[in-house]
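Structure, as structure tokens:
Bear in mind that the values in this text are calculations on the coordinates, not laboratory data. Computed from a prediction, not measured in an experiment: that's the story for all the values here. Cβ placement follows ideal geometry from the backbone for every residue including glycine, while neighbour counts extend to all protein chains displayed.
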Amino acid sequence: MSKSYVEGSIKGFLDKLATSSPEPGGGSVAALAGALGAGLVSMVANLTLGKEKYADVEDRVQLLLAEAEEVRAFLQDLVQSDTEAYAAVSAAMKLPRATEDQKAERDRKMQESLKEAANVPLAIGEQSLRVAQLSLTAAQIGNVNAVSDAGVAVLLADAAAESAALNVKINVGYISDQEYNQVSWARMQAIMDEVWQLRQKVLRLTYEKLG
């Protein structure tokens, strides 16, 4: 692929998404949702910086902006990484299996690629949690005129985390390493629980500030 989906147009991504092509799929969409949430946090920060009313939190907002942009960049990369992980699984599935050696090599490649296909959405989940945490900060100290955007950011973080979880779950179903499966799924569940709690907190605060 000559350029990533993030470098292309929104319409191009959506058009490809709507076809029968297996990529981009739910993992890429999860990463994109998280990146959109991070972008909204950055917007709230930028709408707060330089305002006299928020001078006392200027340093904290600068840090908020820097972290939100770091997370956004990470999630943008994961939009593409998910498609590449799926491509590796697809390539492994097509390996020959006429002999016992070929079957063993195919199985090894399959397990290796499936773990990576689970690692990517797990990373999306981790970054979605960061977006949710940053959304809370944005709602707490950001420009009150943009507090609704902090609320939208946490909703996107929650959608991204739940979507990532589905993609972790489907991959661990084919992975033979049970210890890996248990650790990965337990971490994903912990992420979902924490994001959900942040979602409730941020939305409550958002509606309070909206009056």
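See the values below:
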read-out	value
Backbone N within the range 114-138 under 16 Å of label point (7 Å from residue 185 Cα along the Cβ vector)	115, 118-119, 122
Cα centroid separation, the range 18-52 to the range 139-211 (Å)	13 Å
Mean Cβ neighbour count within 10 Å, used as a protection proxy, ranking 58-65, 14-21, 167-174 highest first	167-174, 58-65, 14-21
Acute angle (nearest 10 degrees) that the helix 26-46 long axis makes with the longest principal axis of the chain, alpha-carbon atoms	20 degrees
Ranked packing of 74-83, 117-126, 99-108, most packed first, by mean Cβ within 10 Å	117-126, 74-83, 99-108
Overall Cα dimensions of the range 11-62, principal axis frame, Å, largest first	52, 18, 10
Percent of alpha-carbon pairs separated by more than 22 Å within the range 107-211	38 percent
Rule-of-thumb Rg ratio for the chain [Cα; 2.2 N^0.38 Å; N residues]	1.16
